[in-house]
Amino acid sequence: MVDEKRSAPRVAVIGTGAIGGAVVRRLLDGGHEVTVWNRTESRTTELVAAGARRARSVREALSTAALALLTLKDYPAVQQCLAEQDTDLSGRTIVGMYTGTASEARLAAQQATALGAQYLDAGIQAAPETIGTNAATILYSGSRHAFERHRPTLALLSSPRFVGEAPEAAAVWDLALFGVWYDAQLGLLRALEAARAAGIDVVEFARTAAAQLGHVVATVPATVAELRQNTYPPGPANLTEHLTVLRHLIDLRTGRHLGDGGLPQVAARIETLVEEGRGGDGLTATAG
Ligand SMILES: NC(=O)c1ccc[n+]([C@@H]2O[C@H](COP(=O)([O-])OP(=O)(O)OC[C@H]3O[C@@H](n4cnc5c(N)ncnc54)[C@H](OP(=O)(O)O)[C@@H]3O)[C@@H](O)[C@H]2O)c1
């Protein structure tokens, strides 16, 4: 991460919400001149007091800088802001910094390149307060040239990581990573819900549940190796044994607030594999 204060090119930040505001402060600290625009103008007041320049329109903001960060709520907001452009943006880079889908990333890239700009899509694995620290991860995809050109500026926000030239790559990484968190967290919540419903001391239960989550983390490298090599050793249990446990688990989760977590679909997949004679494989075979 770049830390030293220095004179650096002007950056436009469109959207000064929680993420955008943190980005502007970090860029100012890093020595950049920053132009800001926000739909609700009052949200730029503190940033202007801190040294940013307020633009009267998205068009004006984009005209001031070679690099524009669209730190907006979602793709419709990005689409709306870019739709207001009627000028050639050749030589400029637009970064869509929002949580969105792969198809939205492709559409944003098309819209930006139609205006003559280079496009980067960004996946933000960071809370506003972590922007500019090693705890922030921001993933970028799209124009490698634009990424390399603006790497020093992007390095002020997080350790920047380029994940592919397909515009949607960062969105896929971003959503898949959120999925890891949701599946683990919701798995824990389902377990706590079932334990509490059965009158079990959830504090004591949670200690063992935490160890269980640790087993998942510890076996990540082995799981990835199995997927890459298309070999599925059974490990602690094979698919036939897993199927029995999953059916019991579906029964335990019946009628609960958080539902079965998609386990019937997993069980159906295992049944198919068992019918194909692969009941001795390990669980990774379900994703193979
Ligand atoms: N906050 C987090 O911890 C976090 C973490 C990871 C990813 N993200 C993602 O980062 C993105 C920004 O999040 P945030 O927390 O900064 O959200 P936020 O505080 O709600 O800010 C959203 C920004 O988008 C603007 N906006 C919304 N709709 C608009 C429209 N139609 N036209 C123009 N501007 C519009 C808002 O303007 P107004 O001020 O006028 O409403 C505001 O500047 C989201 O995609 C979010 O999912 C956030």
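The values are calculated or read from the model by the stated rules, or taken from the named source; none is laboratory data. These numbers come from a predicted model, not from an experiment. All Cβ positions, even for glycine, are placed from backbone atoms using ideal geometry, and neighbour counts span all protein chains on display. Side chains included, ligands, DNA and RNA excluded: accessible areas come from the protein's heavy atoms. Shrake-Rupley method; radii C 1.70, N 1.55, O 1.52, S 1.80 Å.
Less than 5 angstrom separates the built amide H of LEU67 from those of ALA12, THR93, all sequence-distant by 5 or more or on a different chain.
Would you please give the FRET efficiency between THR231 and SER63, computed as 1/(1 + (r/R0)^6) with r the Cβ-Cβ distance and R0 = 41 Å, to the nearest 0.05?
On the way: r = 56 Å, r/R0 = 1.37.
That gives a FRET efficiency of 0.15.
Put a dot 7 Å past the Cα of ILE200, heading toward its Cβ, do the same for ARG256, and the two dots end up 0.9 nm apart. In the full protein context, the range 1-88 carries 49 Å² of accessible surface per residue, based on a 1.4 Å probe and ignoring ligands, DNA and RNA. Summarising the amide proton neighbourhood of GLY164: residues at separation of 5 or more, or on other chains, whose placed amide H is nearer than 5 Å comprise GLY142.
Ignoring any ligand, DNA or RNA, what whole percent of the accessible area of the range 219-287 comes from carbon and sulfur when the probe is 1.4 angstrom? Could you put the intermediate results ahead of the total?
Details: 2530 of 4440 Å².
Ligands and nucleic acids excluded, carbon and sulfur give 57 percent.
Carbon-plus-sulfur accessible fraction, the range 8-173 (probe radius 1.4 Å, protein heavy atoms only): 49%.
Which FRET efficiency value, to the nearest 0.05, do you get for THR130 and LYS73 by plugging their Cβ-Cβ distance into 1/(1 + (r/R0)^6) with R0 = 25 Å? Walk me through the numbers before you get to the answer.
On the way: r = 19 Å, r/R0 = 0.77.
The computed FRET efficiency comes out at 0.85.
Label-to-label distance, LEU177 versus GLU84, with points set 7 angstrom from Cα along the beta-carbon direction: 3.0 nm.
Would you mind getting the accessible area per residue of the range 166-288, heavy atoms of the protein chains only, 1.4 Å probe, in Å²?
Working: 7960 Å² over 123 residues.
On a per-residue basis, the range 166-288 sits at 65 Å².
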